[in-house]
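Let me begin by presenting the structure, written as structure tokens, before commenting on it.
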Amino acid sequence: MARCVEFNEVEKIEKAMNVFWEKGYNATSMQDLVDAMQINRSSLYNTIGDKRQLFMKCISTYFEAAMCELKQKVAKEKTAMQALINLINDKVASIVDTEKSCLGVKSIFEMASEDVEIRQLLTKKNEVFISYITEIVKKAMEEGALDNSEDPTLLSEYIMTSFTGWKQAYILHRDPIKIKKMATFLIKNISK
């Protein structure tokens, strides 16, 4: 008779996510995962699947948590423009205050060009973010804080890709003042 699998899947997924985040997909072994998750291989295979399936579950969990956090922060703001400014400043703080880069971006660079299914998952999750940021941009345009002659989706994508460039610049130069100046420049250039 098979043993019942008893573990908190959410907690275990978070532990696996941290391993992938630290090492990347390719450098992470199944042993790394079972050690971090503190479960045996058969439990992992029987409940979640193989390393790739676990990675995809980690990516989904990561994006869902980030989206939830973003929505909570935006909901606290009185104006869409203030929400956008806070989003940009929060990203700056994340870039300069944490060693980890965005798991999504890290995964895009490592996996998306090689694995179609992972690329599709990352694209889908990125599109959800872009769509949400676009809604904030549209509201800021309606409020008169942003130029409404601009394409809101293009502006949202520009903001999001700026974050990736800032992380790259910070990794190379370790200059938080430069990143903060770039954020100020972005806010100034998108503001009306």
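The values are calculated or read from the model by the stated rules, or taken from the named source; none is laboratory data. Note that this is a predicted model, so its numbers are computed, not measured. All Cβ positions, glycine included, derive from the backbone under ideal geometry; neighbour counts span all protein chains shown. Calculation scope for accessible area: heavy atoms of the full protein, side chains included, ligands and nucleic acids excluded. Shrake-Rupley method; radii C 1.70, N 1.55, O 1.52, S 1.80 Å.
One table, with the values for the structure above:
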quantity	calculated
Test result for K78, within 13 Å of the chain's Cα centre (by Cα) and either surrounded by 16 or more Cβ atoms within 10 Å (Cβ to Cβ) or not in a helix (DSSP H, G or I) (or both)	no
Test: residue in segment 25-47 that is touching a residue at least 60 places away in the same chain (Cβ under 8 Å) and touching a helix residue (DSSP H, G or I) at 6+ places or on another chain (Cβ under 8 Å)	yes
Filter result for E117 (at pLDDT 95 or above, not in a loop (DSSP other than H, G, I, E, B) and not polar (S, T, N, Q))	yes
Lone unmet requirement of (1) free of Cβ contacts under 8 Å to residues at least 24 places away in the same chain; (2) more than 27 Å from Q53 (Cβ to Cβ) for K91	(1)
E157, sole failed condition from (1) open to solvent by 60 Å² or more (accessible area, probe 1.4 Å); (2) without any contact (Cβ under 8 Å) to a residue 12 or more places away in the chain; (3) on the phi < 0 side of the Ramachandran plot	(2)
Qualifying position, being open to solvent by less than 70 Å² (accessible area, probe 1.4 Å), among the charged types (D, E, K, R) and touching a Leu at 6+ places or on another chain (Cβ under 9 Å), among K73, K51	K51
Condition check for I130: in contact (Cβ under 8 Å) with a residue 60 or more places away in the chain, in a helix (DSSP H, G or I) and open to solvent by less than 70 Å² (accessible area, probe 1.4 Å)	no
Condition met for F63 (crowded, with 17+ Cβ neighbours inside 10 Å and within 30 Å of N148 (Cβ to Cβ))	yes
In segment 94-107, the residues that are more than 12 Å from F63 (Cβ to Cβ), in a helix (DSSP H, G or I) and free of Cβ contacts under 8 Å to residues at least 60 places away in the same chain	S94, D97
Checking L33 against (1) modelled with pLDDT of 95 or more; (2) hydrophobic (A, V, I, L, M, F, W, C); (3) surrounded by fewer than 18 Cβ atoms within 10 Å (Cβ to Cβ), the condition it does not meet	(3)
